[in-house]
Amino acid sequence: MLIETVNIVLLALLAVTAIAAVRLHDLFAVAMMFSIYSLLAAAMFVLLDAVDVAFTEAAVGVGISTVLMLGTIGLVGRHEQPSTRRSLLPLAVVIATGAALIYGTLDMPFFGDPTAPVHQHVAPFYITGSPSQTGVPNVVTSILASYRGYDTLGELAVIFTAGVGVLALLGLRRRKRPGKEETTK
Amino acid sequence: MIDNPVLRIVAKIIIPMILLFALYVQFHGDFGPGGGFQAGVIFAAGFILYGLVFGTEALRSAVPPGALRLLTAFGLLLFAGVGAVTMLAGSDYLAYNVLSQDPVAGQHLGILIVEFGVGVTVSAVMITIFLAFAGRNDP
């Protein structure tokens, strides 16, 4: 009962934060809303017993990405251009897509269902095999680094590529072009 | 911001704790929640806090851009290199069993090295992106 109440409160706060982020026009406030949204999502992950994911969400979503968004706002200015166009067509597309996605979830097994296909194949193999095959008590770590090592190598390559892309586009040193950089403030 | 004594002193107290906690998350990730990704981000957060409070120029002299570039590549190469070593030892790519006499010890060793590579690249990339964005507004 208590966990359901906490879930409902968290989900309601998530919806309120998302709506506030859409309605606000001050980008600084929007960045703060995104940060709060990530913190609430991290709390949801803790309730779902996904502590490793919650950890990542709290560190990346709440911390780093907020700082990066603030850095970007410092470069481009903190006020959104007011939009004069009617947005009925995008709204219809979003509603149709959302309805299709919700319709798709109706076929999925119930949350936490032990007879769901995902709990029949590899999950028991990993959970029973991890202690004897890798000697690592945290099954998340053994799956990430050993059983699914190729995937993690690929993820790391993605992060590496992102870093190289930022380096190539922005660079770490200030360009010595007098008069050009000042006008971008 | 650099003139605010509260910010400066709180940052100086808190930054070593953040870095220490990142190392704990890195090397305790096989027993508790955490691992290379989380530890790398927390480690970078310590440096980013330093950059926010003391200025990007101070951060740039603490972590030179050349070292950041080297570390970015080093982590990924370490991960991929472990795979090359296991292949040279006569097994499959990233099959850690051959890293030690005992397969379980080999797995444990491989996971530790690979997670360390992940942590190094993630933290270097995060600091790089922060410096690239925040450093552009310097006078």
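Scan region A:147-168 and tell me whether some residue there is at pLDDT below 80 and outside the structural domain of A:ILE19 (by TED's automatic domain parsing). Please lay out each step first, then the result.
To start, the set of residues in region A:147-168 that are at pLDDT below 80 comprises none.
No: region A:147-168 contains no residue that is at pLDDT below 80 and outside the structural domain of A:ILE19 (by TED's automatic domain parsing).
Please state which one of B:THR86, B:THR56 is more than 16 Å from B:ALA132 (Cβ to Cβ) and of a type in the set (Val, Ile, Thr). Full working, then the answer.
On the way: B:THR56 fails: more than 16 Å from B:ALA132 (Cβ to Cβ).
Answer to the selection: B:THR86.
Would you check if A:GLY112 is of a type in the set (Gly, Ala, Ser), modelled with pLDDT under 85 and more than 23 Å from the chain's Cα centre (by Cα)? Lay out the reasoning, then the answer.
Details: of a type in the set (Gly, Ala, Ser): yes; modelled with pLDDT under 85: yes; more than 23 Å from the chain's Cα centre (by Cα): no.
Spelling it out, it is not the case that A:GLY112 is of a type in the set (Gly, Ala, Ser), modelled with pLDDT under 85 and more than 23 Å from the chain's Cα centre (by Cα).
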Among B:GLY36, B:GLY46, which is at pLDDT below 90 and within 12 Å of the chain's Cα centre (by Cα)? B:GLY36
On the given criteria, is B:ASP3 in contact (Cβ under 8 Å) with a residue 40 or more places away in the chain and among the acidic types (Asp, Glu)? no
Number of positions in region A:132-153 that are closer than 20 Å to B:GLY36 by Cα, more than 27 Å from the chain's Cα centre (by Cα) and in a helix (DSSP H, G or I): 1
With the structure loaded, tell me whether A:ALA96 is free of Cβ contacts under 8 Å to residues at least 24 places away in the same chain, of a type in the set (Gly, Ala, Ser) and surrounded by 11 or more Cβ atoms within 10 Å (Cβ to Cβ) or whether it fails that test. no
If you go through region B:29-47 one residue at a time, how many are surrounded by fewer than 24 Cβ atoms within 10 Å (Cβ to Cβ) and at the interface with another protein chain (Cβ under 7 Å from one of its Cβ atoms)? 4
Just checking: which of the helices (runs of 4 or more DSSP H) contained wholly in region A:1-72 hold 2 or more residues that are crowded, with 19+ Cβ neighbours inside 10 Å, under 14 Å from the mean Cα position of the chain (by Cα) and without any contact (Cβ under 8 Å) to a residue 60 or more places away in the chain? A:27-47, A:51-56
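The values are calculated or read from the model by the stated rules, or taken from the named source; none is laboratory data. Because the structure is predicted, anything quoted here is derived from the model rather than measured. Cβ: placed from backbone, ideal geometry, glycine included. Neighbour counts: every protein chain shown.
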